[in-house]
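Trainee: One structure, as structure tokens, below. Some questions next.
The values are calculated or read from the model by the stated rules, or taken from the named source; none is laboratory data. No experiment lies behind these values; they were computed from the predicted model shown. In this analysis, Cβ positions are derived from the backbone assuming ideal geometry, glycine residues included, and neighbour counts consider all displayed protein chains. Surface areas here come from the heavy atoms of the whole protein model, side chains and all, with no ligands, DNA or RNA. Shrake-Rupley method; radii C 1.70, N 1.55, O 1.52, S 1.80 Å.
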Amino acid sequence: MSTRILYRRFSCCNIKVTGGEDNFTYCPATGLAKGNEHSEFAGWAFPFPGVFLTEEFISKDEESEIVELMDRDDWKPSQSGRKKQDYGPKVNFKKQRLKAGSFTGLPSFSKKIVAQMKACSVLGGFLPVEQCNLDYMPERGSAIDPHFDDWWLWGERLVSLNLLSKTVLSMSCDSEDSIQLFPTFSKENGELSPPGSLTQTSACKNSGEETVNCVLSPRLVPSKEVTVAIHLPRRSLVVLYGDARYKWKHAIYRKHIEHRRICVTFRELSAEFSAGGTQEELGKELLEIALSFQGRPV
């Protein structure tokens, strides 16, 4: 597989929203969540930090090769119509117990994928200790409910490679806090501009005819009323970190699985299992196994 990465610049205008529960859509070009056209939040936006998204992270040929190698191994039944392949240590999250078990490392085909990640600005020092492949099919009603990934064992950055078909990652927040929305101001080329100060003005219609300048104040809405769609093209790589990792739950709904889809998620160790942590030695042992790239599904 080639180690060349093709970066494609995103434009908010290229994202088509086709209805559903999400009322905002994430714009990779600006880092804003923009209110959907037919929602009550049309014309409003807010910064949505903690998302890194790049298209065409691997080529079509690389994708075909990876999926072919995956399908040589068994897919185990999982929850909500999914199937899975796990490459990682044996974990009891409820009791917070961990051991290598039958873990023999990440699969050989992931070595080049991990090497390519070094070119991503947000993945400096990223050392995956676990890989989970999830197989989604519309015929099985495959989905995954809103959830946080564990943060006792897994570190800040969640890295997912989206294969075989596009989908939507739906973000929701259970916080009692409010979100401050800002009016959106479009540039001539149609792209969103980041929200400015409270003194920004926009053209307003007066009496349906005369156009005047007016000041638009920010708007506060409960976090629970906001859902953000992150559109994941085929062969794209997405990284969740910071607020997108710890404040927002992520989900994949059935309506967004139109064809077979495979998600390859890589996770790093938390601070407790990293250098200086109370379980640093166990973390070193697991990383040595993981990065041998000689693994089979456990």
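Trainee: Roll a 1.4 Å probe over the protein chains and send me the accessible area per residue for region 62-106 in Å². Working shown, then result.
Mentor: On the way: 2710 Å² over 45 residues.
Ligands and nucleic acids excluded, the result is 60 Å² per residue.
Trainee: Moving on. How much accessible area per residue does region 245-298 have, in Å², with a 1.4 Å probe? Working shown, then result.
Mentor: Working: 2770 Å² over 54 residues.
Normalised by residue count, the accessible surface of region 245-298 is 51 Å².
Trainee: Then there is this: Rounded to the nearest 10 Å², what accessible area does I289 have for a 1.4 Å probe in the complete protein model?
Mentor: I289 exposes around 40 Å² with every protein chain in place.
Trainee: With each label point set 7 Å from Cα along the Cα-Cβ vector, what nm distance links E285 and K224?
Mentor: For E285 paired with K224, the spin-label model returns 4.5 nm.
Trainee: Tell me the label-point distance for the pair S39, E68, using the 7 Å Cα-to-Cβ offset, in nm and rounded to one decimal.
Mentor: 4.1
Trainee: Express the C-alpha Rg of region 29-119 as a ratio against the empirical globular expectation 2.2 N^0.38 Å, rounded to two decimals.
Mentor: 1.59
Trainee: Tally up the carbon and sulfur contribution to the accessible surface of region 142-185 as a whole percent, 1.4 Å probe, everything protein left in place.
Mentor: Numbers: 790 of 1650 Å².
Exposed carbon and sulfur together represent 48 percent of the surface.
Trainee: Give me the accessible area of C263, 1.4 Å probe, in Å² rounded to the nearest 10.
Mentor: So the heavy atoms of C263 present about 10 Å² to solvent.
Trainee: Counting only protein chains, not ligands or nucleic acids, how are S102, S78 ordered by accessible area (probe 1.4 Å), most first? Kindly include the intermediate steps, with their values, before the conclusion.
Mentor: Details: S102 85, S78 40 Å².
I get S102, S78, largest accessible area first.
Trainee: Right, another one. Which log10 I(q)/I(0) values, to two decimals, does region 222-268 give at q = 0.17, 0.33 Å⁻¹ under the Debye formula with one point per Cα?
Mentor: Debye intensities relative to I(0), on a log10 scale: -0.66, -1.49.
Trainee: Could you check the spin-label model distance between E176 and K255? Points 7 Å from the Cα along Cα→Cβ, value in nm.
Mentor: 3.1
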